[in-house]
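Every number here is computed from the coordinates shown, using simple stated rules; none is lab data. These figures come from a predicted structure and were not determined experimentally. Note that we place each Cβ from the backbone using ideal geometry, even for glycine, and neighbour counts take in every protein chain shown.
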Amino acid sequence: MKRNNWSPLPVISEFKIQNEEVFPEMEINGEIPLSKDLNYGKEIELSHKNRNFSLQFSAPSFANEKLNKFQYMLEGFDKHWITANSTSRIVQYTNLYPGNYTFKIRSSNSDGYWSKIVSYKIKILPPFWLTPTSFLMFFAILFGVFYFVRKEIKNRIRLKQELLTEKVNREHDIKLNNEKLRFFTNISHELRTPLTLILGSCETIAGRK
């Protein structure tokens, strides 16, 4: 008997998002993940809310199909190849971080001959709050808050300085008025004594006459 040394390329037979099968031009959660069949385009772009998905793969080799094996890995997530048999042909990924991934898969026929690697590019888009636009808006808001806080602090410092200056000026005016009052009091006292003496002398002279 001849050994079967031909191993066909594996294909993605089913693609699901949140357990719902997705077809080309089909909208799910407000987006269209596939513009054409995944095995032709070999690219998927998913939003953050559609990052929970599963892939089912198969190989168009029907000779001793139960003996077919598969190896796959999600480059950027899996560190090693994962081996699966014909009864476990579904792989599921959940909560992937935003970024670019490559799903690689190869299959072997019943005689152990491995096919070439087939690759599918998968891009997980970040949520809005992790996009450059949101970071720019965040820094703009942060800058605005910092500017107004700094302006308010400067206004409070200026107001405090004005109040302090006014208090100092008031105390200076009070002190000056007290000095004036003391000066005029002393002057009046100094003038009162000689005037009293003169007045007493005048009264004495007037009494003699």
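Quick notes
- For LYS104, a cut-off of 18 angstrom between C-alpha atoms picks up these aspartates and glutamates, skipping any fewer than 8 places away in its own chain: GLU14, ASP37, GLU43, GLU45, GLU75, ASP78.
- Full-extension gain in nm, LYS121 to ASN52, via 0.36 nm per residue minus C-alpha separation: 23.3 nm
- Cα-based radius of gyration of region 53-176 once divided by 2.2 N^0.38 Å, which approximates compact folds: 2.45
- Within straight-line reach of LYS167, meaning a Cα separation under 28 Å, sit the following lysines at least 8 residues removed in sequence or on another chain: LYS151, LYS154, LYS175, LYS180.
- Solvent-free Debye calculation, one equal scatterer per alpha-carbon of region 7-110: log10 I(q)/I(0) at 0.10, 0.16, 0.19, 0.23 Å⁻¹ equals -0.29, -0.72, -0.99, -1.32.
- Applying the criteria of a DSSP loop state and at most 13 other Cβ atoms within 10 Å to the GluC sites (Glu not before Pro) of region 22-78 yields GLU25, GLU27.
- Straightening the chain between PHE135 and PHE148 buys 2.7 nm, computed as 0.36 nm per residue apart minus the Cα-Cα spacing.
- Long pairs among LYS16/LYS79; LYS42/LYS79; LYS42/LYS66; LYS16/LYS66, criterion Cα-Cα beyond 32 Å: none
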